[in-house]
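Report on the following structure.
The values are calculated or read from the model by the stated rules, or taken from the named source; none is laboratory data. Given the structure is predicted, the values throughout are model-derived calculations rather than measurements. For neighbour counting, all protein chains shown are included, and Cβ atoms are generated from backbone atoms with ideal geometry for every residue, glycine included. For the accessible areas, the whole protein counts, side chains as well, though only heavy atoms, and no ligand, DNA or RNA atoms are used. Shrake-Rupley method; radii C 1.70, N 1.55, O 1.52, S 1.80 Å.
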Amino acid sequence: MQKRKKRTDETKKLIVSAFIELLYIKDAAHINVIDIAKRAHVDRGTFYRYFENKQALIEDCEENFLDKLYFVHKDLLSEAKKSGDYSDMSIFIEQILAIIEENIQMVNALLNKTGNISFQEKMRKFLIEQNIVTFKQLTNQKSSEKQTDLLVSYSSSAILGVIKFWSNNYKTYEKADIVTLINDITLHGVIDFIK
């Protein structure tokens, strides 16, 4: 039973990897199930055992990635709450970016290569939700709802922009560069950072 599950997981990963590889060759609109199955060295029937269609494959990739981010973020917040130390966010940022780096090709494909902004919007909503949770935990003072909404929207959009840029320029920028940038801006603001 365990061998079958492992083989099933491996086949699904092959299909996902094949799709991502194809996104580097051509636009998502021009990729069909036959292309993906050929690239994964499986037949169409095998593809359909795992995914209803290409859109279901894309949505599965999106949801799996966001789930990984969610659980890492939840664990990190729990650890930060225990220690009560928020003076250096670099460890927090490092671990979130590690998940992105592990999935960098898929993130780049979903944010920059599919030609569809649905994942970008899902990611933005996810970041807003997670930032609200983070701000509530980190903030001792009561901010107005308007201030919180604006701050959450601003920071989520900025983080999404950096992730989108990094995933598309991954070979040029190290994870450490991104960690340092986000940490400095988070702790000191944009003006202090550029002075």
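So the values come out like this:
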item: q = 0.10 Å⁻¹: log10 I(q)/I(0) that the Debye formula gives for the chain, counting C-alpha atoms only; result: -0.50
item: Size descriptor, Kirkwood hydrodynamic radius, that averages inverse alpha-carbon separations across the stretch 141-191, Å; result: 12.3
item: With Cα atoms, 0 to 90° folded angle of helix 90-102 axis to the chain main axis; result: 10
item: Under 10 Å, Cβ to Cβ, from Ser167 - net charge with Lys/Arg +1 and Asp/Glu -1; result: +1
item: Accessible area of the chain divided out per residue, in Å², using a probe of 1.4 angstrom; result: 63
item: Rounded to whole Å, sorted largest first: equivalent-ellipsoid semi-axes of the stretch 1-72, Cα gyration tensor; result: 20, 18, 10
item: Spatial separation of Cα centroids for the stretch 145-195 and the stretch 93-114, in angstrom; result: 15
item: Accessible surface of the chain [probe 1.4 Å, protein heavy atoms]: carbon and sulfur percent; result: 53
item: Between helix 175-194 and the chain: long-axis angle, C-alpha atoms, 0 to 90°, nearest 10; result: 30
item: Tilt relative to the chain, helix 118-138 - C-alpha long axis, 0 to 90 degrees, to 10; result: 30
